[in-house]
Amino acid sequence: MIFWTGWGILVLPIGALGGLGGTSLASALGSSDNPNLGTVLGLVAAGAVIWLLGRRLNTAQPGFHPQTGQPVLYANRHRLWLLPMQWWGPIAAVVGVVVGVQSLLS
């Protein structure tokens, strides 16, 4: 079961586009020595994009309470599987590194 809040669902397409895009780019450039290198680079790049986007979306926004007029911070909640969106960035990067190490060892 996939559950998310806010724009947390964007983690999945960004990660998929990073991995598949890197693999496709490596194949198009003719990287026959190590085809998983594109996947690794794509996942690491996707991790960076997810981290930056998650940090941007989950930054608290200043505002005012509608009844009292006091200043408050409105916290955004963009999550996927209970984790804030930005923490999926390092997870995607680690998955990319694991794929790279596996491809080097095999």
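The values are calculated or read from the model by the stated rules, or taken from the named source; none is laboratory data. Everything quoted here is computed from the prediction, not taken from an experiment. Cβ placement follows ideal geometry from the backbone for every residue including glycine, while neighbour counts extend to all protein chains displayed.
Looking at Gln67, is it under 20 Å from Phe3 (Cα atoms), out of contact with any strand residue (DSSP E or B) (no Cβ under 9 Å at 6 or more places or on another chain) and outside any strand (DSSP E or B)?
Numbers: under 20 Å from Phe3 (Cα atoms): no; out of contact with any strand residue (DSSP E or B) (no Cβ under 9 Å at 6 or more places or on another chain): yes; outside any strand (DSSP E or B): yes.
It is false that Gln67 is under 20 Å from Phe3 (Cα atoms), out of contact with any strand residue (DSSP E or B) (no Cβ under 9 Å at 6 or more places or on another chain) and outside any strand (DSSP E or B).
A quick yes/no check of all residues on (1) more than 12 Å from the chain's Cα centre (by Cα); (2) among the small types (Gly, Ala, Ser); (3) crowded, with 17+ Cβ neighbours inside 10 Å:
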residue	(1), (2), (3)
Thr23	yes, no, yes
Ser27	yes, yes, no
Leu43	no, no, yes
Ala60	yes, yes, no
Item to check | Unmet requirement for Tyr74, which otherwise passes all of (1) in contact with a strand residue (DSSP E or B) (Cβ under 6 Å, 6 or more places away or on another chain); (2) in contact (Cβ under 8 Å) with a residue 40 or more places away in the chain | outcome: (2)
Checklist outcome for this item: Among the residues of the stretch 54-106, the number that are touching a Ser or Thr at 6+ places or on another chain (Cβ under 9 Å) and closer than 26 Å to Asn36 by Cβ is 5
Item to check | Scope the stretch 1-46; condition part of a helix (DSSP H, G or I), farther than 19 Å from Val98 by Cβ, among the small types (Gly, Ala, Ser) and modelled with pLDDT under 90; matching residues | outcome: Ser24, Ser27, Ala28
